[in-house]
Amino acid sequence: MAEIKKHDTPMVDELKKGPWPSFVDDIYSYAEKHQKQACFDLLGQLELSFKHKETHWKHGGIVGVFGYGGGVIGRYSDQQDKFPAIWAFHTIRVNQPASKWYHTSALRKLCEIWDHRGSGMTNFHGSTGDMVLLGTVTEQLEPIFFDLTHQMNMDLGGSGSNLRTPSCCVGKARCEWSCLDTQALCYDLTMTYQDELHRPAFPYKFKFKISGCPNDCVAAIARADLSIIGTWIDDIRIDQEAVRAYVGGELKPNAGAHSDRDWGPFDIQKEVIDLCPAQCMHWDGKELHINNKECVRCMHCINVMPEALRPGTDTGATLLMGAKAPILEGAQLSTVIVPFMRLEPPYDNLKEIIEKTWDFWMENGKNRERLGELIQRVGLNRFIVDVLGLKPIPQHIREPRSNPYVFWKEEEVEGGWDRDVAEFRKRHPA
């Protein structure tokens, strides 16, 4: 075995101090135990970056893997003479199981593969949802792909301008609020759109994220090109006796989550009624009344009084589109496209929306233009009516006459665009 070279890292070592767990300690302890030169070189280069106040990583684009067009994320050091063990430090995404359920034997096997073929460092989980294997060289990519598919029956995660790994919350497996089977839907979409995962054909990346209820535990509304959020269309179920128990102090609000200090007696008016964004409920001293037609399904009242309130039983999902981080334009949240859709296998109604969207985006999207930016450019009304064939409804508008996405076609404007300014001013004198 080659002699292990360690580096002097006084600035990096400062990160070991303080009350919080340190990634520096983790890397050092792993490097010492397994004698990983890549880990020592990684910390040495980080020290140099702190000294120079600039990164010493070069982004290598997408590194090809035979049989997988999406490839892996390439990364190279610009200090290869100083840190030869990390001349390449490629990042491999692994398509995680739905809701991130792992068997311990699978995790042990993955760690064995990565100890053997990579740096041994992992990230559970990246923004897309994938398990991330941090740091290996180009020569190991094909063997890793072979090991994952043949030993683990696992796939690489999406990279590049393709469908990224679909991601979902724990859903009905553990959560009483879930309004749809997130795991079944996530698995179905993953298997249906394998070609879109493996073969980059889009203008840019596309993400599905699925939350079982409006609490949105995978932050789909902030991060997904298509956010699928479980919801209900009937009335919130109310246990009036339990409501009175909360008011009387017999039950702790928020399931006791804020019991670290004495907040005083529970005030249903202040903590529930006044915080309802739709102002759709009132407490008459004996019963809680909800105007369900005005309810926006924010889940606040349910979260505060979980033993008294529950989602309805007629469940489905809201579809939203267009969330993204800042790339060409600023960050944006996803926009409601379909307020309610029932979702049952084989999910043909959902797939019809997906495929119409992709066809239009691939035909009209610019290079590195996310779906949300395309919708912003062409107008929400054109996208909803002409592309998806849906009927505009009030949920598409934030407030009357102020939606920046709405653009008119010339044939929709009486008289078209060409106007006689002189004639107009005769009718509208200053």
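Which residue pairs have Cβ atoms closer than 7 Å, lie 6 or more positions apart in sequence or on different chains, and pair a first residue in region 343-357 that is closer than 18 Å to Ser178 by Cα with a second residue that is of a type outside the set (D, E, K, R) and not in a helix (DSSP H, G or I)?
Cβ pairs passing all conditions: Leu343/Leu180; Leu343/Gly316; Leu343/Ala317.
Kindly indicate the residue of region 126-151 that is outside any helix (DSSP H, G or I) and of a type outside the set (A, V, I, L, M) and also surrounded by the fewest Cβ atoms within 10 Å (Cβ to Cβ) among those meeting that condition. First the steps, then the outcome.
Step one: of region 126-151, the residues outside any helix (DSSP H, G or I) are 126-137.
Now drop any that are not of a type outside the set (A, V, I, L, M), which leaves 126-130, 135-136.
Values: Gly126: 19, Ser127: 12, Thr128: 21, Gly129: 26, Asp130: 25, Gly135: 23, Thr136: 24.
Going through the qualifying residues, I end up with Ser127.
Among the residues of region 302-318, is there at least one that is basic (Lys, Arg), more than 17 Å from Ile229 (Cα to Cα), over 19 Å from the mean Cα position of the chain (by Cα) and not in a helix (DSSP H, G or I)?
Taking region 302-318 first, the residues basic (Lys, Arg) are 310.
Now restrict to residues that are more than 17 Å from Ile229 (Cα to Cα): none.
For region 302-318, residues basic (Lys, Arg), more than 17 Å from Ile229 (Cα to Cα), over 19 Å from the mean Cα position of the chain (by Cα) and not in a helix (DSSP H, G or I): absent.
Checking Glu32 against (1) closer than 24 Å to His125 by Cα; (2) assigned to a helix (DSSP H, G or I), which test does it fail?
With (1) closer than 24 Å to His125 by Cα; (2) assigned to a helix (DSSP H, G or I) applied to Glu32, the lone miss is (1).
Condition first: in contact (Cβ under 8 Å) with a residue 24 or more places away in the chain, outside any loop (DSSP other than H, G, I, E, B) and either on the phi > 0 side of the Ramachandran plot or touching a Ser or Thr at 6+ places or on another chain (Cβ under 9 Å) (or both). Now tell me which residues in region 115-125 satisfy that.
Within region 115-125, just Arg117 meets the criteria.
Which of the helices (runs of 4 or more DSSP H) found entirely inside region 153-265 contain at least 1 residues meeting this: within 21 Å of Leu350 (Cβ to Cβ)? Please lay out each step first, then the result.
Values: elements: 182-192, 194-198, 220-223, 240-247.
Of the helices (runs of 4 or more DSSP H) lying wholly inside region 153-265, those with at least 1 residues that are within 21 Å of Leu350 (Cβ to Cβ) span 182-192, 194-198, 220-223.
Being out of contact with any Ser or Thr (no Cβ under 7 Å at 6 or more places or on another chain), farther than 30 Å from Asp235 by Cα and open to solvent by 80 Å² or more (accessible area, probe 1.4 Å), is that true of even one residue in region 329-342?
Taking every residue of region 329-342 in turn, at least one turns out to be out of contact with any Ser or Thr (no Cβ under 7 Å at 6 or more places or on another chain), farther than 30 Å from Asp235 by Cα and open to solvent by 80 Å² or more (accessible area, probe 1.4 Å).
So how many residues does region 31-48 have that are at pLDDT 95 or above, of a type outside the set (Asp, Glu) and farther than 16 Å from Phe89 by Cα?
1
Can you tell me which residue within region 44-91, out of those that are of a type in the set (Phe, Trp, Tyr) and surrounded by fewer than 21 Cβ atoms within 10 Å (Cβ to Cβ), is nearest to the chain's Cα centre (by Cα)? Step through it out loud before you land on a result.
Kept after step one, since they are of a type in the set (Phe, Trp, Tyr), are these residues of region 44-91: 50, 57, 66, 68, 76, 83, 87, 89.
If we keep only those that are surrounded by fewer than 21 Cβ atoms within 10 Å (Cβ to Cβ) too, we end up with 50, 57, 66, 68, 76, 87.
Working: Phe50: 31, Trp57: 26, Phe66: 28, Tyr68: 23, Tyr76: 27, Trp87: 31 Å.
This residue is Tyr68.
Among the residues of region 1-24, write down those that are surrounded by fewer than 10 Cβ atoms within 10 Å (Cβ to Cβ) and without any contact (Cβ under 8 Å) to a residue 12 or more places away in the chain.
Narrowing region 1-24 to residues surrounded by fewer than 10 Cβ atoms within 10 Å (Cβ to Cβ): 1-3, 8, 10, 17-21.
Once the filter is applied, which keeps residues that are surrounded by fewer than 10 Cβ atoms within 10 Å (Cβ to Cβ) and without any contact (Cβ under 8 Å) to a residue 12 or more places away in the chain, region 1-24 yields Glu3, Lys17, Gly18, Pro19, Trp20, Pro21.
Within region 383-403, can one find any residue that is among the polar types (S, T, N, Q), surrounded by 12 or more Cβ atoms within 10 Å (Cβ to Cβ), modelled with pLDDT under 80 and farther than 22 Å from Trp358 by Cβ?
First pass over region 383-403, keeping only residues among the polar types (S, T, N, Q): 395, 402-403.
Now drop any that are not surrounded by 12 or more Cβ atoms within 10 Å (Cβ to Cβ), which leaves 395, 403.
Subset that is modelled with pLDDT under 80: 403.
From what's left, farther than 22 Å from Trp358 by Cβ: 403.
Yes.
Looking at Phe202, Phe146, Phe206 in this structure, which one is without any contact (Cβ under 8 Å) to a residue 12 or more places away in the chain and not polar (S, T, N, Q)? Break it down stepwise before answering.
Details: Phe202 fails: without any contact (Cβ under 8 Å) to a residue 12 or more places away in the chain; Phe206 fails: without any contact (Cβ under 8 Å) to a residue 12 or more places away in the chain.
Among Phe202, Phe146, Phe206, only Phe146 is without any contact (Cβ under 8 Å) to a residue 12 or more places away in the chain and not polar (S, T, N, Q).
The values are calculated or read from the model by the stated rules, or taken from the named source; none is laboratory data. Note that the coordinates shown come from a computational prediction; the quantities given were computed from them, not determined experimentally. We place every Cβ from the backbone using ideal geometry, glycine too, and count neighbours over all the protein chains shown. Remember, those area values only see protein heavy atoms, side chains included, never the ligands or the DNA or RNA. Shrake-Rupley method; radii C 1.70, N 1.55, O 1.52, S 1.80 Å.
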